[in-house]
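S.K.: Have a look at this one before I ask anything.
Values in this text are rule-based calculations from the coordinates and carry no lab data. Predicted, not measured: the structure shown is a model, and the values here were computed from it. Glycine also receives a Cβ, built like all others from the backbone with ideal geometry; neighbour counts cover every protein chain displayed.
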Amino acid sequence: MEDAQQPPVPSAPAVPAAAPDPRLDRLLEKVSVLEQLFVKRIKEDGVHAAAYNALYQDMSKYRDDAFRGAQKPLLKGLVLLYDTMKRSLAGLEDGPGKAAVELHIEELLEVMARHEVERIAEAPAKYDRALQQALGTEPAAGPEEDQAVVRVVRDGFRWNGSVLRHQEVVIKAYKAT
C-alpha cells in the first residue's frame with residue numbers, strides 16, 4: 001500500500017503585533033477596583049453580621065432575665081398558697097373536704113412544675129446549707145447523728161436550678177461533753 005501523505009496545512013498569515021488598546025487597560029483597572037470594593041464589602045458584612053448576632057443574643061438574654069424577674073414574685077406567691085393549703089389539710093379530718101384540698105395541692109404542684117418550679121426532696125439524711133435552713137436543733141446521741149435532719153417544717157422549692165425558697169428543717173446537733 002502506498003502511503004498517502006496529506007498536504008501541509010497552510011498557516012495563518014502573520015498579524016503584526018498591535019499596540020495595546022488603552023481602553024482595555026482602563027477597563028482592567030476598573031474591574032480591579034471593583035474587585036477590591038467587593039472583597040472589602042464582604043468583610044464588612046461579616047463584621048456587621050457578627051455584631052448583629054451578638055446584639056441579638058444580648059437582647060434575648062435581657063428579655064429572658066426581665067421575664068424571669070417578673071415571674072419570680074408570682075411563683076413565690078404560689079409557694080405561699082401551697083403553704084396555706086398544707087396547713088388547711090392538716091386541720092381537716094378524713095372525708096371529701098380533705099380529698100378536695102389534696103387534689104388542689106396536686107394541681108397547684110402541677111401548675112408550678114409547668115413553670116419549672118419543683119419541690120425539694122422530702123429530707124436528705126444530712127443538713128444541706130445550699131437547700132435547707134435550720135430553724136432549730138435537737139440533741140444528738142452521738143457524733144454520727146450530728147447534722148441529721150429530724151423533720152421538715154416547711155417544704156422548699158427550686159426554680160430554674162436555683163433555690164426559690166429553702167426547705168425549713170429541724171436538725172440534730174452533737175455537743176461533746
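S.K.: Could you tell me the relative contact order of the chain? Use alpha-carbon pairs under 8 Å, at least six residues apart, and round to a whole percent.
M.R.: With pairs under 8 Å counted, the relative contact order is 15 percent.
S.K.: Let me check I've understood the local charge: for Asp58, count other residues with C-beta under 12 angstrom from its C-beta, Lys and Arg +1, Asp and Glu -1. What total comes out?
M.R.: Spelling it out: positives minus negatives among the neighbours equals 0.
S.K.: At a 10 Å Cβ-Cβ cut-off, how would you order Leu74, Leu108, fewest neighbours first?
M.R.: Leu74, Leu108
S.K.: Output ³J(HN,Hα) for the range 94-110: one whole-Hz value per residue in order, computed from phi by the Karplus curve 6.51 cos²θ - 1.76 cosθ + 1.60 with θ = phi - 60°, and x for Gly and Pro.
M.R.: Going residue by residue, I get 3, x, x, x, 5, 4, 5, 5, 4, 5, 5, 5, 4, 5, 5, 4, 5 Hz, with x marking Gly and Pro.
S.K.: Tabulate in residue order the Karplus-calculated ³J(HN,Hα) for the range 75-89, using 6.51 cos²θ - 1.76 cosθ + 1.60 with θ = phi - 60°, rounded to whole Hz; enter x for Gly and Pro.
M.R.: 5, 5, x, 5, 5, 5, 4, 4, 4, 4, 5, 5, 5, 4, 4
S.K.: Just to be sure I understand: with springs between alpha-carbon atoms less than 10 Å apart, which residue in Ile42, Ile105, Ile120 has the highest mean-square fluctuation in the Gaussian network model of the chain?
M.R.: Of the options given, Ile42 has the highest mean-square fluctuation.
S.K.: Let me ask something additional. How big is the gap, in Å, between the Cα center of the range 120-162 and the Cα center of the range 26-83?
M.R.: Cα centres, the range 120-162 to the range 26-83: 44 Å.
S.K.: Shifting gears a bit: Given a 10 angstrom Cα cut-off, can you work out which residue in Lys43, Lys98, Lys86 is the most mobile in a GNM of the chain?
M.R.: Lys43
S.K.: Taking 25 °C and 0.890 mPa s as the conditions, I'd like the Stokes-Einstein D for the chain in µm²/s, using the Kirkwood hydrodynamic radius from alpha carbon pairs.
M.R.: Using the Kirkwood radius from Cα pairs, D works out to 100 µm²/s.
S.K.: What is the set of long-range amide H partners of Gln133 at a cut-off below 5 Å, with H atoms built 1.01 Å from backbone N?
M.R.: Close amide H contacts, sequence-distant or interchain: Gln167, Glu168, Val169.
S.K.: Tabulate in residue order the Karplus-calculated ³J(HN,Hα) for the range 60-69, using 6.51 cos²θ - 1.76 cosθ + 1.60 with θ = phi - 60°, rounded to whole Hz; enter x for Gly and Pro.
M.R.: Working through the residues one at a time gives 5, 5, 4, 4, 5, 5, 5, 5, 5, x Hz.
S.K.: Right, another one. I need the shape label for the range 49-139. Rule: rounded when a/c is under 1.5, else prolate if a/b > b/c, else oblate, with a, b, c from the alpha carbon gyration tensor.
M.R.: Oblate is the answer for the range 49-139, as a/c is 1.5 or above yet b/c matches or exceeds a/b.
S.K.: Suppose we keep just the DSSP beta bridges with both residues in the chain; what percent of those would be antiparallel, to 5?
M.R.: Close to 60 percent.
S.K.: DSSP beta bridges in the range 118-177, what fraction antiparallel, as a percent rounded to 5?
M.R.: Here the antiparallel bridges make up roughly 60 percent for the range 118-177.
S.K.: Can you compute the label reach from Ala49? Point 7 Å from Cα along the Cβ direction, backbone N cut-off under 11 Å, restricted to the range 26-43.
M.R.: 42-43
S.K.: On to the next question. Starting from the amide H of Val150, placed 1.01 Å from N in the peptide plane, find each other amide H under 5 Å away whose residue is 5 or more places distant or on another chain.
M.R.: For Val150, the qualifying residues are Val170, Ile171, Lys172.
S.K.: Rank the residues Arg129, Arg68 as a footprinting-exposure proxy: fewest other Cβ atoms within 10 Å of their Cβ go first.
M.R.: Sorted ascending by nearby Cβ count, the order is Arg129, Arg68.
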